[in-house]
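Here's the structure, in structure tokens; my notes come after.
The values are calculated or read from the model by the stated rules, or taken from the named source; none is laboratory data. Everything numeric here is computed off the predicted structure, so don't read it as measured data. Here Cβ is always computed from backbone atoms with ideal geometry, including for glycine, and neighbour counts include all displayed protein chains.
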Amino acid sequence: MIIIAAIMLIPLVALMYDFFFASRTDEIVFLDKEQRLESLVKSTNTEFSRNLESLGVVPEDLSSTTLNDEFARVVEPQVPANSGIRFGLYIPRTEKIAVLGFLHNYRSLSQQEEAQRESEIFASTKIALVATAMSNEPLFRISGTWDDQVVEYISPVVLKGKVVGIIWAGERLNPFFYQSNYFRKLLRFFTLGILVIVMIGTLLIIRNITKGVDRLKQGLQRME
């Protein structure tokens, strides 16, 4: 029984480590990403809103061209210093977006490639952008596939009480992070499998011991 207890103790310790330490590491990584992107988006939003207010135009008269131009004026100087971060502007009235910066390596795109990129990005972010526009509240989310995850912070741009646009910034998670996370999930299932096998084995051993004791009792009773 001591051997069985020792065998069960090993997977239990592994599960406790995963729950109390490894999972907390994930939370710290996400919290750090959220705080960084939140700070970046808030400062960008503040400058962008200030520029729009200085134009002296009511929200209804703001054209998409003006919004895109002011967005580019604010964000373009930040792109070189924030490599790996993608900035975006969504205009609810026209349902169009503008994107600056790359999650992966920078590359020069043709107009057709840029249009295709914006279309793909809009398709993957539309639900979150519309939800932010309707709720008028910032949103932090994780999107993408299991091997190419992106964290994004999305915030409404409010001018004179009206949402005129949505600004967001996204950053790709380090590939090592999701590889490590995937490995831990496999290890977790493997550990649970060992626990189940050990528990079944323990029950079978107890059952056999119980049967042996019962047979011994019956033999002693017959001898009496």
**Message:** Would you confirm, using the coordinates I've provided, whether GLU27 is modelled with pLDDT of 85 or more, assigned to a helix (DSSP H, G or I) and not β-branched (Val, Ile, Thr)?
**Reply:** no
**Whichever residue in segment 34-55 is under 21 Å from ARG172 (Cβ atoms) and of a type in the set (A, V, I, L, M) and, among such residues, is surrounded by the fewest Cβ atoms within 10 Å (Cβ to Cβ)** = LEU40
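What about LEU220, is it modelled with pLDDT under 70 and either within 30 Å of VAL58 (Cα to Cα) or in a helix (DSSP H, G or I) (or both)? Before the answer, list the steps.
Details: modelled with pLDDT under 70: yes; either within 30 Å of VAL58 (Cα to Cα) or in a helix (DSSP H, G or I) (or both): yes.
Against the criterion (modelled with pLDDT under 70 and either within 30 Å of VAL58 (Cα to Cα) or in a helix (DSSP H, G or I) (or both)), LEU220 qualifies.
Does GLY161 meet the test of being of a type in the set (Gly, Ala, Ser), free of Cβ contacts under 8 Å to residues at least 60 places away in the same chain and under 18 Å from LEU67 (Cα atoms)? Walk me through it before giving the result.
Values: of a type in the set (Gly, Ala, Ser): yes; free of Cβ contacts under 8 Å to residues at least 60 places away in the same chain: yes; under 18 Å from LEU67 (Cα atoms): yes.
It is true that GLY161 is of a type in the set (Gly, Ala, Ser), free of Cβ contacts under 8 Å to residues at least 60 places away in the same chain and under 18 Å from LEU67 (Cα atoms).
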**Asked** Residue check: is ARG36 under 30 Å from LYS185 (Cβ atoms), modelled with pLDDT of 90 or more and basic (Lys, Arg)?
**Response** yes
